[in-house]
Amino acid sequence: MASPTRRGLLLILSSPSGAGKSTLARRLREWDPAIRFSVSATTRTPRPGEVDGREYHFRPEEGFRAMVAAGAMLEHAEVFGHRYGTPRAPVEAALAAGEDTLFDIDWQGGQQIRNSDLGRDAVSVFVLPPSIAELDRRLRARAQDSAAVIAGRMARARDEISHWAEYDYILVNRDLAAATAELVAIVTAERLKRDRQPGLVALVRALNAEIEERHP
C-alpha cells in the first residue's frame, strides 16, 4: 500500500440535541464521501429503521462493559441512561491509511478523544442553535421522541452548551447551507496544515535540488 499523502483527521462534531450536528455530518459526507463516519457502539435499543452496524453497533450492557475493560473503546459515556462509545481499532486503522474520521458525539466523548493518545489528530467543532426556542422547535419537529424525552434533552442543553469554549471551532447553525459551507471550509483548511502533509519535506528538498541544478 502506498504511503498516505497526509495525516488523517479526527473530526469531532458536538452540540446539544437538535442543534443540527447529525444533519451537518451527513452534508459533510455528501461533500466528500471519502470521509469515514465513526459508527458508535451503544446499549440503547434500535429506533425504527436503524440497522446494526450502520447507525450504531447495538451491544448488550455486558458486551459494552467488556469492550471498555479491554481498552477497546477510544471514548465512552453514559447519556440519557444508555452507554455510548467509539471502538478504537477502526479509528486507528483509518488514521494509519491517511483517512479522515467523523465523530457525531457529545462533549464528554469529544473531551476523551482530545485527551487520548490520538488527540493531536483531533479537530473539534461545536454547533450552537440560534436560540433555545429554535432548539425546542427542531426537537419537536423531528417527531422521534416523547414529550418527556424532549424535556430531558432541553434540560441537558444548558450543561452541553457550557462546554462550547473547549472546542477549536464554533458554528451557529442559523442556516443549514451556510453552516455546511463553514464546516467544509474548516475541513479544507485543517487538511492543508503543514504538520498534516508529511510529503512536504521531500517536495521542498526536491524543489531546492532543482533550483541548484538549474541555477548552480
Legend entry - Test for Val39: is it in contact with a strand residue (DSSP E or B) (Cβ under 8 Å, 6 or more places away or on another chain), surrounded by 14 or more Cβ atoms within 10 Å (Cβ to Cβ), among the β-branched types (Val, Ile, Thr) and assigned to a loop (DSSP other than H, G, I, E, B): yes
Inset, instruction - Please work out if Leu171 is within 20 Å of the chain's Cα centre (by Cα), under 21 Å from Thr101 (Cα atoms) and either among the β-branched types (Val, Ile, Thr) or surrounded by 15 or more Cβ atoms within 10 Å (Cβ to Cβ) (or both). - result: yes
Inset, instruction - Could you pull out the residue among Val79, Val51 that is out of contact with any helix residue (DSSP H, G or I) (no Cβ under 9 Å at 6 or more places or on another chain) and surrounded by fewer than 19 Cβ atoms within 10 Å (Cβ to Cβ)? - result: Val51
Inset, instruction - May I ask you to verify whether Val172 is modelled with pLDDT of 85 or more and under 24 Å from Gln197 (Cβ atoms)? - result: no
Legend entry - Top-ranked residue of segment 95-117 - restricted to ones that are touching a Ser or Thr at 6+ places or on another chain (Cβ under 7 Å) and farther than 21 Å from Leu128 by Cα, ranked as surrounded by the fewest Cβ atoms within 10 Å (Cβ to Cβ): Gly98
Inset, instruction - Starting from segment 194-216, take each residue that is surrounded by 10 or more Cβ atoms within 10 Å (Cβ to Cβ) and list its partners that are of a type outside the set (Asp, Glu), counting only C-beta distances under 7 angstrom and pairs at least six apart or across chains. - result: Arg196/Arg6; Arg196/Arg7; Gln197/Arg6; Pro198/Arg6; Pro198/Arg7; Gly199/Thr5; Leu200/Arg194
Inset, instruction - Sort out which residues of segment 15-74 are of a type in the set (A, V, I, L, M) and more than 28 Å from Ile161 (Cα to Cα), and write them in order of number. - result: Ala34, Val51, Ala66, Met67, Ala69, Ala70, Ala72
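The values are calculated or read from the model by the stated rules, or taken from the named source; none is laboratory data. Keep in mind that what you see is a predicted model, and the values were worked out from it rather than measured. Glycine also receives a Cβ, built like all others from the backbone with ideal geometry; neighbour counts cover every protein chain displayed.
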